[in-house]
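**Student:** One structure coming up, written as structure tokens, with questions to follow.
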Amino acid sequence: MILVRGVSHKSCPVGPRERLAARPAAAVLDWLKERGVGEAVVLTTCNRFEVYAVVDESREAAARLALTEGFDAWAQTALGEAAYERSGADAIKHLFQVASGLDSLVVGESEILGQVKQAYETARVAGATGKLTNVLFQRAIFLGKKVRSDTGIAVGHTSVASVAVDLAERIFGSLRDREVLLLGAGEMAELTATHLASCKIGRLLVANRTFERGRDLAERFRGAAVRWEAFAERLETVDIVIGSTGADRAVLTREMVERAQPARKGRSLFLIDIAMPRDVEETVSDLDHVYLYSLGDLQGIVDENLARRRGELEAATRLVDEASREFSAWEATVGTAAEGSLRHARPVAEGA
């Protein structure tokens, strides 16, 4: 039986999610293996932390206990009702919804499919997968591609990065004369820079702990790199700061912003934090002329996008429902004389 236990932006506040996100997937897989969970995949993103496990009836109670105890240990807090649990057909459907982008903060976003693939690959390399998890995740990845190619669910602003840039445009009307400081140079930062470039912003600054990587990203988008230890000085002049690092604690503090305020002379500073754990100390929003937007604040834009794609959402949901029923029917035959096979409707190019 397939079992999933997790938390997401729908069920859990940011604090516990941050503590879970800081837990390496490989360490969680080792912890589960020590407690007799033979097949498991850990999916961790800025908006969710989920453990998928395969258990037989004789080990079901022990596996459920291991997952429950694990969440308390990993989050270092009592998650209570924030942690959800699904099993059997419900767990299968949930993963398919996740891989298809239907359970994301930004419905239809593309990053989650790559994150599902990475989670599966990490578990596979660690020797934590088996027949059911292999087929389940391969099927989920195939379905995620199919949903995006066969429906318009991914049309428009479908990533946290694109919504963050959209928010910046709404604030200023145009970004052509604005200076933007981007904290981080990873995948999310690169995606954000791509969207900023499409808006023809006035100037892009990139600050990253590894200067060379930040410089490479800045040069690709005709921007300038900033030494990490000096980025606080740029708070005196920039209009917008977008935080997207992978740091395990806030990198932009209230003290930094307070030091920059005299030089700003009352000019507004907009901070958009799309990192998990958060890049910006929450208390900066208490300062005059400082406006902080976090992942949760993007929900309004998400809802607008969702309304425009309502018909595409229904089509995507039908594909997920059909695939869920097909997989559940196949799983019921595994290990029996009647075991069937799952076939993809058509091949999907690698990396598509």
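The values are calculated or read from the model by the stated rules, or taken from the named source; none is laboratory data. From a predicted model like this one, the values you see are computed outputs, not experimental measurements. We place every Cβ from the backbone using ideal geometry, glycine too, and count neighbours over all the protein chains shown.
**Student:** Residues to consider are 213, 222; find the one that is assigned to a loop (DSSP other than H, G, I, E, B) and out of contact with any strand residue (DSSP E or B) (no Cβ under 7 Å at 6 or more places or on another chain).
**Tutor:** On inspection, the qualifying residue turns out to be 222.
**Student:** Any idea which of (1) in contact (Cβ under 8 Å) with a residue 60 or more places away in the chain; (2) surrounded by fewer than 14 Cβ atoms within 10 Å (Cβ to Cβ) is the one residue 267 doesn't satisfy?
**Tutor:** All conditions are met except number (1).
**Student:** Among the candidates 50, 111, 57, single out the residue that is over 30 Å from residue 149 (Cα atoms) and not basic (Lys, Arg). Step through it out loud before you land on a result.
**Tutor:** Details: 50 fails: over 30 Å from residue 149 (Cα atoms); 111 fails: over 30 Å from residue 149 (Cα atoms).
Testing whether each residue is over 30 Å from residue 149 (Cα atoms) and not basic (Lys, Arg) leaves just 57.
This table checks each residue for (1) surrounded by fewer than 17 Cβ atoms within 10 Å (Cβ to Cβ); (2) modelled with pLDDT of 95 or more; (3) acidic (Asp, Glu).
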| residue | (1), (2), (3) |
| --- | --- |
| 86 | no, no, no |
| 101 | no, no, no |
| 105 | no, no, no |
| 111 | no, no, yes |
| 138 | yes, yes, no |
| 144 | no, yes, no |
| 158 | no, no, no |
| 165 | no, no, no |
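**Student:** Residue 171 fails exactly one of the following numbered conditions: (1) surrounded by 18 or more Cβ atoms within 10 Å (Cβ to Cβ); (2) assigned by TED's automatic domain parsing to the domain that holds residue 278; (3) hydrophobic (A, V, I, L, M, F, W, C). What is the number of that condition?
**Tutor:** (1)
**Student:** I've got another one for you. Find the residue count for segment 194-208, including only residues that are at pLDDT 90 or above and either part of a helix (DSSP H, G or I) or touching a helix residue (DSSP H, G or I) at 6+ places or on another chain (Cβ under 8 Å) (or both).
**Tutor:** 5
**Student:** In the set 198, 285, 244, which member is polar (S, T, N, Q) and out of contact with any strand residue (DSSP E or B) (no Cβ under 9 Å at 6 or more places or on another chain)? Spell out the reasoning first.
**Tutor:** On the way: 285 fails: out of contact with any strand residue (DSSP E or B) (no Cβ under 9 Å at 6 or more places or on another chain); 244 fails: out of contact with any strand residue (DSSP E or B) (no Cβ under 9 Å at 6 or more places or on another chain).
Sole residue among the options that is polar (S, T, N, Q) and out of contact with any strand residue (DSSP E or B) (no Cβ under 9 Å at 6 or more places or on another chain): 198.
**Student:** May I pose another question? Find all pairs meeting these conditions: Cβ atoms under 6 angstrom apart; at least six residues apart or on different chains; first residue within segment 178-203 and free of Cβ contacts under 8 Å to residues at least 24 places away in the same chain; second residue of a type outside the set (Phe, Trp, Tyr) and surrounded by 17 or more Cβ atoms within 10 Å (Cβ to Cβ).
**Tutor:** Cβ pairs passing all conditions: none.
Residues are listed down the side, and each one gets a yes or a no for (1) surrounded by 23 or more Cβ atoms within 10 Å (Cβ to Cβ); (2) assigned by TED's automatic domain parsing to the domain that holds residue 245; (3) under 30 Å from residue 159 (Cβ atoms):
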| residue | (1), (2), (3) |
| --- | --- |
| 6 | yes, no, yes |
| 13 | no, no, yes |
| 18 | no, no, yes |
| 25 | no, no, yes |
| 38 | no, no, no |
| 62 | no, no, no |
| 65 | no, no, no |
| 68 | no, no, no |
| 74 | no, no, yes |
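**Student:** So if I check each of 227, 278, 220, 259, which one is charged (D, E, K, R), touching a residue at least 40 places away in the same chain (Cβ under 8 Å) and within 23 Å of residue 206 (Cβ to Cβ)?
**Tutor:** Numbers: 227 fails: touching a residue at least 40 places away in the same chain (Cβ under 8 Å); 220 fails: touching a residue at least 40 places away in the same chain (Cβ under 8 Å); 259 fails: touching a residue at least 40 places away in the same chain (Cβ under 8 Å).
Residue meeting the stated conditions: 278.
**Student:** Continuing with the same structure: Within segment 251-285, restricting attention to residues that are at pLDDT 95 or above and either over 21 Å from residue 179 (Cα atoms) or assigned by TED's automatic domain parsing to the domain that holds residue 111 (or both), which residue is farthest from the chain's Cα centre (by Cα)?
**Tutor:** In this case the residue turns out to be 255.
**Student:** Mind checking whether some residue in segment 137-153 is in a loop (DSSP other than H, G, I, E, B), hydrophobic (A, V, I, L, M, F, W, C) and either under 20 Å from the mean Cα position of the chain (by Cα) or assigned by TED's automatic domain parsing to the domain that holds residue 298 (or both)? Spell out the reasoning first.
**Tutor:** Residues of segment 137-153 in a loop (DSSP other than H, G, I, E, B): 151-153.
Keeping just the survivors that are hydrophobic (A, V, I, L, M, F, W, C) gives 153.
Those left that are additionally either under 20 Å from the mean Cα position of the chain (by Cα) or assigned by TED's automatic domain parsing to the domain that holds residue 298 (or both): 153.
Yes, that holds for at least one residue.
**Student:** Filtering segment 177-193 down to residues that are touching a strand residue (DSSP E or B) at 6+ places or on another chain (Cβ under 8 Å) and outside any helix (DSSP H, G or I), which residue is surrounded by the most Cβ atoms within 10 Å (Cβ to Cβ)? Spell out the reasoning first.
**Tutor:** Filtering segment 177-193 for residues touching a strand residue (DSSP E or B) at 6+ places or on another chain (Cβ under 8 Å) gives 178-185, 189, 192-193.
Filter again for outside any helix (DSSP H, G or I), leaving 178-185.
Working: 178: 21, 179: 17, 180: 25, 181: 23, 182: 30, 183: 27, 184: 26, 185: 25.
Here the residue is 182.
**Student:** For residue 93, state whether it is surrounded by fewer than 24 Cβ atoms within 10 Å (Cβ to Cβ) and more than 17 Å from the chain's Cα centre (by Cα).
**Tutor:** On the way: surrounded by fewer than 24 Cβ atoms within 10 Å (Cβ to Cβ): yes; more than 17 Å from the chain's Cα centre (by Cα): yes.
Criteria met by residue 93.
**Student:** Okay, next question. Please indicate, with yes or no, whether at least one residue in segment 250-262 is part of a helix (DSSP H, G or I), within 30 Å of residue 10 (Cβ to Cβ) and out of contact with any His (no Cβ under 8 Å at 6 or more places or on another chain).
**Tutor:** Of all residues in segment 250-262, those part of a helix (DSSP H, G or I) come to 254-262.
Filter once more, so that each one left must be within 30 Å of residue 10 (Cβ to Cβ): 254.
Add one more test, that the residue is out of contact with any His (no Cβ under 8 Å at 6 or more places or on another chain), and what stays is 254.
Yes, that holds for at least one residue.
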